[in-house]
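Structure record follows, encoded as structure tokens.
The values are calculated or read from the model by the stated rules, or taken from the named source; none is laboratory data. These numbers were taken from a predicted model, which means no experiment stands behind them. No Cβ is skipped: glycine too gets one built from the backbone with ideal geometry, and neighbour counts run over all protein chains shown. Side chains are part of the model used for accessible areas, which takes the heavy atoms of the whole protein and leaves out ligands, DNA and RNA. Shrake-Rupley method; radii C 1.70, N 1.55, O 1.52, S 1.80 Å.
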Amino acid sequence: MLTATDLGHLRRAVDLARLALERGDEPFGSVLVGAGGEVLYEDHNHVTAMDETQHPEFAIARWAGANLTREERAAATVYTSGEHCPMCSAAHGWVGLGRIVYAVSSAQLGAWRAAWGLPDGPVRALPIRDVVPGAVVDGPAPELAEEVRALHEAFARRT
Ligand code: ZN
């Protein structure tokens with residue numbers, strides 16, 4: 001179940017995805033929120049500017065591992081414009097972060113990409129819980145699907 005607070009943080013993740021697109025990167029954005037509701041860290045995709053592993057969910061996992069106690073990590077929530085890829089799910093699981101809330105699922109994004117004639121990526125998309133069985137995951141958020149779809153379509157048409 002997504003609350004108004006959840007949707008507010010997801011909204012910010014989508015805004016970060018838009019910022020990534022404006023900077024020439026794939027439109028993905030993520031926000032780490034602490035147990036008290038405070039935003040601890042946020043980032044967007046940097047795969048064009050840096051390398052293909054520079055996903056915001058991976059950056060959040062590394063930041064959390066370096067800066068939060070195990071208890072703080074478990075109590076934190078990751079809000080993200082698109083469901084974690086297997087690499088990011090694994091990083092999330094290894095550092096013991098808490099709940100994940102995504103705006104659109106990997107299955108939604110995969111169906112859109114296929115409809116636009118794009119090839120599959122080199123890493124298979126898997127549901128987060130296929131990688132981290134104990135993860136607490138909520139999403140998608142139908143309220144944001146069209147906006148996220150439009151960001152990815154804009155990126156697809158550009159490449
Ligand atoms: Zn990823």
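The figures follow:
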quantity: Residue match in region 68-85 (condition: open to solvent by less than 40 Å² (accessible area, probe 1.4 Å), over 27 Å from LEU21 (Cβ atoms), within 14 Å of the ligand (Cβ to nearest atom) and modelled with pLDDT of 95 or more); calculated: no
quantity: Candidates VAL39, VAL47, VAL33 - the one that is in contact with a His (Cβ under 8 Å, 6 or more places away or on another chain) and either under 18 Å from GLU22 (Cα atoms) or of a type in the set (Ser, Thr, Tyr) (or both); calculated: VAL47
quantity: Hey, VAL14 assigned to a helix (DSSP H, G or I), touching a helix residue (DSSP H, G or I) at 6+ places or on another chain (Cβ under 9 Å) and within 19 Å of ASP138 (Cα to Cα) or not; calculated: yes
quantity: Scan of region 91-113 for residues that are open to solvent by 30 Å² or more (accessible area, probe 1.4 Å) and either within 12 Å of the ligand (Cβ to nearest atom) or polar (S, T, N, Q) (or both), ordered by number; calculated: GLN108
quantity: Filter pass, ALA49 being at pLDDT below 95, open to solvent by 60 Å² or more (accessible area, probe 1.4 Å) and more than 15 Å from the ligand (Cβ to nearest atom); calculated: yes
quantity: Number of positions in region 118-136 that are open to solvent by less than 50 Å² (accessible area, probe 1.4 Å) and out of contact with any Gly (no Cβ under 8 Å at 6 or more places or on another chain); calculated: 3
quantity: Lone unmet requirement of (1) at negative phi; (2) in contact (Cβ under 8 Å) with a residue 60 or more places away in the chain; (3) open to solvent by 20 Å² or more (accessible area, probe 1.4 Å) for GLY139; calculated: (1)
quantity: Test for ALA154: is it loosely packed, with under 15 Cβ neighbours inside 10 Å, in contact (Cβ under 8 Å) with a residue 60 or more places away in the chain, farther than 17 Å from GLU52 by Cβ and touching a helix residue (DSSP H, G or I) at 6+ places or on another chain (Cβ under 7 Å); calculated: yes
quantity: From PHE28, PHE58, residue being among the aromatic types (Phe, Trp, Tyr), within 13 Å of the ligand (Cβ to nearest atom) and in contact with a Ser or Thr (Cβ under 7 Å, 6 or more places away or on another chain); calculated: PHE28
quantity: Odd one out for PRO119 among (1) touching a residue at least 24 places away in the same chain (Cβ under 8 Å); (2) more than 10 Å from the chain's Cα centre (by Cα); calculated: (1)
